[in-house]
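> Pasting a structure here, questions to come.
The values are calculated or read from the model by the stated rules, or taken from the named source; none is laboratory data. Just so it is clear, the model here is predicted, and its values are computed rather than measured. Cβ: placed from backbone, ideal geometry, glycine included. Neighbour counts: every protein chain shown. Please note that ligands, DNA and RNA were not included when accessible areas were found on the heavy atoms of the full protein model with its side chains. Shrake-Rupley method; radii C 1.70, N 1.55, O 1.52, S 1.80 Å.
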Amino acid sequence: MSNFKVIKVYPCSFASNSYILTADGKTAVVIDPSEEGIFALCSKNGLKCECALLTHGHFDHIGGCGELYKNGVPIYCGEREKELIFSREYLSIFGGVSVPKFEIAGTFKDGDEVELFGIKFKVLKTPGHTAGSVTYLADDCLFTGDTLFKGSVGRTDLPSGDFTKILESVKKLSALAGDYKVYCGHEDDTTLENERENNPYLNC
């Protein structure tokens, strides 16, 4: 059982699910701040957003980064993804849409372990949807971004995507000991055990 609370924020427009995590009811870590209102939503819940973690850098996952950055919130991602977020290839996916202005404060590599405001995270490199996609493991929770979905996996036909690698990534997650709650970048939550039993991509 996790020692923190997860507030799932469903998108209001073209965006991904966002997750607000708090261990003390005062400070928060946000995973994939997809829309501008995330910063205000933290405040509405009596929380001070202290940092943001990105599973990857597609526009529908970073729409709230500008507002966070403007308010002094550091933003982190996987080491491979940093160079891709503002690339021409990524921007072309959404027809050259402008991305919010922000900078990456630091990056993580596979296996990194970090404690942020009372929450211990382990970073798992899970490329495939993008070359730099990562999954965040915290207690009994996996935040998979667009790597693993309920019954499916993320698309791999976008720049830096790779179908072979995403299969390797979801098998890596499947091999974790025990069960986990899986918080996905889109649609419904699931569990790792459910995906082991029912997701065809974990058994390809």
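> Could you identify the single residue in 178, 128 that is in a loop (DSSP other than H, G, I, E, B) and farther than 18 Å from residue 16 by Cβ?
Result: 178 is the single residue among 178, 128 that is in a loop (DSSP other than H, G, I, E, B) and farther than 18 Å from residue 16 by Cβ.
Yes/no per residue for (1) over 20 Å from residue 121 (Cβ atoms); (2) touching a Leu at 6+ places or on another chain (Cβ under 6 Å); (3) surrounded by 20 or more Cβ atoms within 10 Å (Cβ to Cβ):
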residue: 9; (1), (2), (3): no, no, yes
residue: 48; (1), (2), (3): no, no, no
residue: 54; (1), (2), (3): no, no, yes
residue: 89; (1), (2), (3): yes, no, no
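> Do we find that residue 115 is free of Cβ contacts under 8 Å to residues at least 24 places away in the same chain and closer than 28 Å to residue 190 by Cα in this structure?
Spelling it out, residue 115 is indeed free of Cβ contacts under 8 Å to residues at least 24 places away in the same chain and closer than 28 Å to residue 190 by Cα.
> Using the structure shown, decide if residue 111 is in contact with a His (Cβ under 8 Å, 6 or more places away or on another chain) and farther than 20 Å from residue 9 by Cβ.
In short, no.
> Taking segment 22-44 as the region of interest, how many residues are of a type in the set (Ser, Thr, Tyr) and in a strand (DSSP E or B)?
2
> In the list 106, 78, 132, which residue meets the criterion of being out of contact with any Pro (no Cβ under 9 Å at 6 or more places or on another chain) and of a type outside the set (Ser, Thr, Tyr)?
132
> Here's something else I'd like to know. Kindly indicate which of 160, 169, 133 is at positive phi and either among the hydroxyl-bearing types (Ser, Thr, Tyr) or touching a Leu at 6+ places or on another chain (Cβ under 7 Å) (or both). Give the derivation first.
Details: 169 fails: at positive phi; 133 fails: at positive phi.
Answer to the check: 160.
> Restricting segment 138-158 to residues that are of a type in the set (Ser, Thr, Tyr) and part of a strand (DSSP E or B), which is farthest from residue 177 (Cα to Cα)? Explain how you work it out, then say what you get.
Our first condition is that a residue be of a type in the set (Ser, Thr, Tyr); within segment 138-158, this holds for 144, 147, 152, 156.
Those still in the list that are part of a strand (DSSP E or B) too: 144, 152.
Numbers: 144: 16, 152: 21 Å.
Ranking the qualifying residues of segment 138-158, first place goes to 152.
> If you take the residues of segment 105-129 that are open to solvent by 20 Å² or more (accessible area, probe 1.4 Å) and of a type in the set (A, V, I, L, M), which of them is nearest to residue 57 (Cα to Cα)?
Checked segment 105-129; the qualifying residue nearest to residue 57 (Cα to Cα) is 105.
> Still on this structure, please answer the following. Please go through (1) outside any strand (DSSP E or B); (2) open to solvent by 10 Å² or more (accessible area, probe 1.4 Å); (3) touching a residue at least 24 places away in the same chain (Cβ under 8 Å); (4) not aromatic (Phe, Trp, Tyr) for residue 196 and return the number of the only condition it doesn't satisfy.
(3)
> If you scan segment 3-33, which residues turn out to be more than 14 Å from residue 138 (Cβ to Cβ), of a type in the set (Val, Ile, Thr) and either touching a residue at least 60 places away in the same chain (Cβ under 8 Å) or in contact with a His (Cβ under 7 Å, 6 or more places away or on another chain) (or both)?
Once the filter is applied, which keeps residues that are more than 14 Å from residue 138 (Cβ to Cβ), of a type in the set (Val, Ile, Thr) and either touching a residue at least 60 places away in the same chain (Cβ under 8 Å) or in contact with a His (Cβ under 7 Å, 6 or more places away or on another chain) (or both), segment 3-33 yields only 27.
> Right, next: Just to be sure, is residue 146 open to solvent by 20 Å² or more (accessible area, probe 1.4 Å) and touching a residue at least 24 places away in the same chain (Cβ under 8 Å)?
No: the conditions fail for residue 146.
> Among the residues of segment 76-87 satisfying the criterion of being free of Cβ contacts under 8 Å to residues at least 40 places away in the same chain and crowded, with 19+ Cβ neighbours inside 10 Å, which is nearest to residue 132 (Cα to Cα)?
If we take residues in segment 76-87 being free of Cβ contacts under 8 Å to residues at least 40 places away in the same chain and crowded, with 19+ Cβ neighbours inside 10 Å, then 85 is nearest to residue 132 (Cα to Cα).
The rows are residues; the columns are (1) buried (at least 21 other Cβ atoms within 10 Å of the Cβ); (2) closer than 24 Å to residue 13 by Cα.
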| site | (1), (2) |
| --- | --- |
| 164 | no, no |
| 175 | no, no |
| 185 | yes, yes |
| 189 | no, yes |
| 192 | yes, no |
